[in-house]
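Shown next, in structure tokens, is the structure this report addresses.
The values are calculated or read from the model by the stated rules, or taken from the named source; none is laboratory data. Here the structure is a predicted model, which is why all the values come from computation and not from measurement. Note that we place each Cβ from the backbone using ideal geometry, even for glycine, and neighbour counts take in every protein chain shown.
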Amino acid sequence: MKQPLPDPPVRDSVDTMTSPTPQFPVRCLRYVAKVFAIAGMDVRKLRHDPTELLTRAIQPTLWLLVFGQVFAKSRSIPTGNLDYIAFLTPGILAQSVLFVAIFNGISVIWERDLGIVHKFLVSPTPRTALVLGKAVSSGVRALTQAFIVYLLALALGVEMNWSPLSLFGVVLLVLLGAALFSTFSLIIACIVKTRERFMGIGQVLTMPLFFASNAIYPTSIMPDWLKWVAHVNPLSYEVDGLRTLMLAGGQSTFGLPTDFAVLVIVLGVLVVIGGLMYPRLIT
């Protein structure tokens with residue numbers, strides 16, 4: 001005669017309801033760890049080519065010492081209660097961040113040619129974590145530009161805001177701006193897929209983004225059509241936030257909450273798009 005099977009163990013309803021809860025923070029921590037692992041791998045490349053940091057310092061130096069000095073003497077651009085060098089300094093920092101980040105996509109093409117992208121794609125790492133890791137590494141590189149621009153501003157006698165909260169805000173804006181344009185660069189790399197085409201498109205995009213912003217002149221003197229372009233240009237919001245936080249007596253045009261919100265929202269959208277397009281890099 002067969003023995004009756006034992007009844008299955010009854011699970012505590014409280015445990016059943018609460019067991020999924022710890023999994024979400026664990027998944028978040030793992031996701032963040034993967035993002036920083038990708039970022040750390042890219043940042044370590046600077047040890048093999050530290051001259052990149054020095055060459056990146058040439059452009060902001062020329063803009064502030066040559067362009068800025070000439071236009072400051074001409075007094076042809078109205079900048080309110082700020083002298084032109086002070087007005088220009090945050091714009092040049094944003095421009096330097098843009099130039100560092102926008103060509104970051106070419107490194108992804110190199111990685112594809114070396115087979116590194118294939119290894120990433122067969123790993124369990126989420127695609128958005130790969131994209132965000134690249135974005136974070138670009139932000140770390142851009143922080144060196146902030147250090148250089150601050151030194152130049154001190155040498156030129158610009159009155160800076162040194163409060164810890166403002167400095168922290170500047171760091172956040174630099175990271176957000178670099179991450180945003182780095183992700184945009186990665187999306188372009190996924191579309192064009194060759195280094196030659198990428199370099200051409202990158203050069204075409206950087207100058208319109210820069211000149212169609214409030215980096216070197218206020219939006220109030222722009223023609224109406226250019227004002228509209230400047231208001232949809234994320235670089236304008238980065239410059240506005242930097243100008244507010246970096247300068248003593250700096251005033252925001254759009255409002256700091258708006259500046260941060262626009263950059264975060266656009267970055268989030270681009271990371272999702274980049275995560276979807278990243279596998280196309282090898283097809």
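Quick check, is Phe147 surrounded by fewer than 16 Cβ atoms within 10 Å (Cβ to Cβ) and under 30 Å from Met246 (Cβ atoms)?
On the way: surrounded by fewer than 16 Cβ atoms within 10 Å (Cβ to Cβ): yes; under 30 Å from Met246 (Cβ atoms): yes.
When the stated conditions are applied, Phe147 passes them.
Please state which one of Ser163, Ser137 is among the polar types (S, T, N, Q), out of contact with any strand residue (DSSP E or B) (no Cβ under 7 Å at 6 or more places or on another chain) and either over 29 Å from Gly250 (Cβ atoms) or surrounded by 14 or more Cβ atoms within 10 Å (Cβ to Cβ) (or both).
Every option except Ser137 fails the conditions.
Within segment 40-81, take every residue that is of a type in the set (Ser, Thr, Tyr) and modelled with pLDDT of 75 or more and give me the one that is surrounded by the most Cβ atoms within 10 Å (Cβ to Cβ).
Once the filter is applied, the top-ranked residue is Thr79.
Kindly check whether there is at least one residue in segment 232-240 that is of a type in the set (Val, Ile, Thr) and touching a Phe, Trp or Tyr at 6+ places or on another chain (Cβ under 7 Å).
no
From Ser213, Ser220, Ser252, grab the single residue that is in a helix (DSSP H, G or I), closer than 23 Å to Phe71 by Cα and of a type in the set (S, T, N, Q).
Ser220
State whether the residues of segment 235-255 include one that is at pLDDT 90 or above and over 23 Å from Leu88 (Cα atoms).
Among the residues of segment 235-255, not one is at pLDDT 90 or above and over 23 Å from Leu88 (Cα atoms), which makes the answer no.
What's the number of the only condition in (1) on the phi > 0 side of the Ramachandran plot; (2) touching a Leu at 6+ places or on another chain (Cβ under 7 Å) that Pro234 fails to meet?
The failed condition is (1).
For segment 101-135, what are the residues that are out of contact with any Gly (no Cβ under 9 Å at 6 or more places or on another chain) and closer than 14 Å to Thr183 by Cβ?
Listed by number, the residues that qualify are Asn104, Ser107, Val108.
Among the residues of segment 234-245, are any out of contact with any His (no Cβ under 6 Å at 6 or more places or on another chain), of a type outside the set (Asp, Glu) and either surrounded by fewer than 17 Cβ atoms within 10 Å (Cβ to Cβ) or not in a helix (DSSP H, G or I) (or both)?
No, that holds for no residue.
Considering only residues that are polar (S, T, N, Q) and in a helix (DSSP H, G or I), look in segment 131-167 and name the one that is nearest to Asn81 (Cα to Cα).
Here the answer is Ser166.
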